[in-house]
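Just so it is clear, none of the values below were taken in a lab; they were calculated from the coordinates. Please read these numbers as outputs of a predicted model, since none were measured by experiment. Cβ atoms come from the backbone with ideal geometry, glycine included; neighbour counts cover every protein chain shown.
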Amino acid sequence: MAYNLIMLVDEDEIDNIINQKIIESNSFADEILVYQTGQEALEYLSSNSKDNAALPDLIFLDINMPIMDGFQFLEEFEKMPDSVKTKCKIIMLSSSISPRDIDRAASNKYVIKYLNKPLNSRYLQAINV
């Protein structure tokens, strides 16, 4: 299944490049937005909240980022208009294997999946939203 638009939110440029290549090589999305800070990603979502076509179907969100981590992003995401919260499904993509992080992500109603970095073809095939 190919998605129209996917967003990657990760401060690590190398991880973003790898994940972008995996998504492209699997024809998983028509377009990919890449942000290195949660704040930039939230600004994009906020400024496009009235344009459903400009909102990503999936957001791959890293947990451990400076300034605003993935959980702080989720707190701000919850304040977004319903149009954003309904359209955008969030997948936590992290190198953290902390049970606390995994449980915290699983208990968030906007997070549909928790995956370990890096993305791979098998992970993408298992996503069906």
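Look at the alpha carbon pairs under 8 Å that are at least 6 residues apart: their mean separation over the length of the chain gives a relative contact order of 26 percent. Here region 23-77 and region 85-106 have alpha carbon centers that stand 13 Å from each other.
All other residues whose Cβ lies under 15 angstrom from that of SER96 are scored, Lys and Arg at +1 and Asp and Glu at -1, for a net of -4. With the cut-off at 1.5 for a/c, could you classify region 35-126 from its C-alpha gyration tensor as rounded, prolate or oblate? In terms of gyration-tensor shape, prolate. Of the GluC sites (Glu not before Pro) in region 67-101, the ones in a loop by DSSP (not H, G, I, E or B) with at most 13 other beta carbons within 10 Å are GLU78.
Taking a sphere under 13 Å around the Cβ of ILE14 and counting the other residues whose Cβ falls inside, with K and R at +1 and D and E at -1, yields a net charge of -4.
Mind telling me which of ASP51, ASP101, ASP15 comes out most flexible in a GNM of the chain, alpha-carbon contacts under 10 Å? Answer for the Gaussian network model of the chain: ASP51. Each stretch of four or more DSSP H residues adds -39500 (n - 2.57); spread over every residue of the chain, this sum gives -11000 deg cm²/dmol at 222 nm. At an R0 of 35 angstrom, the distance between the Cβ atoms of ILE18 and LYS50 translates into a FRET efficiency of 0.60. Taking a Cβ cut-off of under 12 Å around SER49, the surrounding Lys, Arg, Asp and Glu residues balance to a net charge of +1, with basic ones at +1 and acidic ones at -1.
Cβ-Cβ distance of SER83 and SER27, R₀ of 30 Å, FRET efficiency by 1/(1 + (r/R0)^6): the value works out to about 0.65.
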